[in-house]
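The values are calculated or read from the model by the stated rules, or taken from the named source; none is laboratory data. Treat the numbers as computed from the prediction; the structure is a model and nothing was measured. Every residue, glycine among them, receives a Cβ derived from its backbone with ideal geometry; neighbour counts consider all protein chains shown.
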Amino acid sequence: MALINVATREIHCKIVYYGPGMCGKTTNLQYIHNQVPQEVRGDLLSIATETERTLFFDFLPLDLGKVRGFQTRFHLYTVPGQVLYERTRVAVLSGADGVVFVADSHRSKLQENVSSLRELAQNITRQNKKFAEFPLVLQYNKRDLPRELLLPVATLDHFLGATRLNWPRVEAVATTGQGVFETLRTISRAVISKL
């Protein structure tokens, strides 16, 4: 749920990058943080234990305009993707205004993508939100894989429900930045339109 700071005339929105382990969530955040001008972004922070980490930072986008005279400040978070960290994912997801679901385009990762999206749906529903109406963007990452290892977009659309639920989707290569800012702009606009 967006927080309003009347003193600074800012609306704080939380966007969570969610998906299976090693799909590119951290790479997305690191790329964004490195590209956003220093004067409009906070530090990239990591909450780490021996076995997991969550990254986050906030920034003030200059090109999205204002909402009723208030500037929007986005707080971007990643969740640990490994199966055993569900509690951490639930905690990080709490209060989110939008989600980027990062899907791994490798053929061997289809079931992990589906399972992670199913878990996301359950976690959003447990927060008394309607998953089908929640601001969500699908990012199909690692589109630079060799053809024989690459899941077709139509397959990802089918199994992840992009067409059925009319979710926007972006093809990406987070390591090079391809599609990273397009994904961020798409989720940011979806969150702002909900406000």
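Apart from one condition, Leu195 fits all of (1) touching a Cys at 6+ places or on another chain (Cβ under 9 Å); (2) at pLDDT 95 or above; the exception is (2). Restricting segment 34-89 to residues that are of a type outside the set (A, V, I, L, M), part of a helix (DSSP H, G or I) and exposed (fewer than 15 other Cβ atoms within 10 Å of the Cβ), the residue that is modelled with the lowest pLDDT is Glu86.
Can you say whether Gly19 is modelled with pLDDT of 90 or more and either within 15 Å of the chain's Cα centre (by Cα) or farther than 19 Å from Lys142 by Cβ (or both), as far as the supplied structure shows? Step through it out loud before you land on a result.
Numbers: modelled with pLDDT of 90 or more: yes; either within 15 Å of the chain's Cα centre (by Cα) or farther than 19 Å from Lys142 by Cβ (or both): yes.
Taking the combined requirement at face value, the residue satisfies it.
For segment 146-193, enumerate the residues that are within 28 Å of Asn34 (Cα to Cα) and among the basic types (Lys, Arg). Selection gives Arg169, Arg185, Arg189. Look at (1) modelled with pLDDT of 95 or more; (2) farther than 23 Å from Leu45 by Cα and you find that Thr163 fails only one, number (1). Confirm whether Ala103 is in a loop (DSSP other than H, G, I, E, B) and surrounded by 20 or more Cβ atoms within 10 Å (Cβ to Cβ). No.
For segment 172-195, how many residues meet the condition of being aliphatic (A, V, I, L, M), crowded, with 21+ Cβ neighbours inside 10 Å and out of contact with any helix residue (DSSP H, G or I) (no Cβ under 8 Å at 6 or more places or on another chain)? Give the derivation first.
First, the residues of segment 172-195 that are aliphatic (A, V, I, L, M): 172-174, 180, 184, 187, 190-192, 195.
Add one more test, that the residue is crowded, with 21+ Cβ neighbours inside 10 Å, and what stays is 172, 174, 180, 184, 187, 191-192.
So of that shortlist, the ones also out of contact with any helix residue (DSSP H, G or I) (no Cβ under 8 Å at 6 or more places or on another chain) come out as 187, 191-192.
Of the residues in that region, 3 qualify.
Those residues that are farther than 30 Å from Lys130 by Cβ and touching a residue at least 40 places away in the same chain (Cβ under 8 Å), I need them from segment 149-174; list them, please. First the steps, then the outcome.
First, the residues of segment 149-174 that are farther than 30 Å from Lys130 by Cβ: 149-150, 173.
Those that are farther than 30 Å from Lys130 by Cβ and touching a residue at least 40 places away in the same chain (Cβ under 8 Å): Leu149, Leu150.
Among the conditions (1) hydrophobic (A, V, I, L, M, F, W, C); (2) assigned to a strand (DSSP E or B); (3) at pLDDT 85 or above, the only one that Leu29 does not satisfy is (2).
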